[in-house]
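Single-structure report; data block below.
The values are calculated or read from the model by the stated rules, or taken from the named source; none is laboratory data. Owing to the predicted nature of the structure, the values given are computational and were not obtained by experimental measurement. As a convention, Cβ positions derive from the backbone with ideal geometry for all residues, glycine included, and neighbour counts pool all protein chains shown.
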Amino acid sequence: MDTITGLPAHPFLAHIPVILLPLAVLGIVLMVIKPAWHQRYRWAVLAVTAVGAIGTVFVAEAGEKLEDRIVAIEGAAARAGWEDHAEAGDTARLFAMLFLVVVLAYILVPFFLERRAKAAGKAVGADTMTAPATGPKWLRPVLSALVLLAAAGSLVTVIQAGHSGSKSVWKEVVDQSNEKINGGTPADGDNDGG
């Protein structure tokens, strides 16, 4: 997808992972903090994570097409200003996909263990509500740690990609407006700092 209503699709599509992946991270954190919510909200969190992660693929594709348009108009020198953003976007896409895989494991492994325990409980006539916890004791902490690490990586890289894209588009405009407002001196608090 190259354009939406005649405008570049990339900035529109970027809102999918920028909104949904942090929301998925919040859902994961809440599920780790309160394990009872794991069963209640797991499918919603998985859906939000999947849409956010898959969104990064569409964002990257639209970004490449937008970059090709800019290079066609302004020449290859224009590409230099976008390299940091393109690399940050590729990293965000990689971490989003990793996050999705780990969320799948965090949700599906306990789900299948619960189903197996319920089936075994019914086979021997046990009450499934009083059946022992499913899986080894180390499984939940390990899955929780992995999903929190993947969540943090996804969140940080999505923020970095968004920041670098915003900076590449708006920094010159903000700098020029600050010069006009302040008579050529940087505005208070302006610190590029990277």
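Quick look at the values:
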read-out	value
From the options E61, E83, residue that is of a type in the set (D, E) and touching a residue at least 24 places away in the same chain (Cβ under 8 Å)	E61
Conditions (1) more than 15 Å from V158 (Cβ to Cβ); (2) surrounded by fewer than 21 Cβ atoms within 10 Å (Cβ to Cβ): number failed by V45	(2)
Pair list, Cβ under 6 Å, 6 or more apart: segment 170-194 residue over 19 Å from Q160 (Cα atoms), other residue of a type in the set (S, T, N, Q) and modelled with pLDDT of 60 or more	A187/N178
Index of the failed condition, L66 passing every other in (1) more than 17 Å from I159 (Cα to Cα); (2) modelled with pLDDT of 90 or more	(2)
Neighbours by Cβ (under 8 Å, 6+ apart or cross-chain): first from segment 15-38, modelled with pLDDT under 95; second among the basic types (K, R)	P35/R140
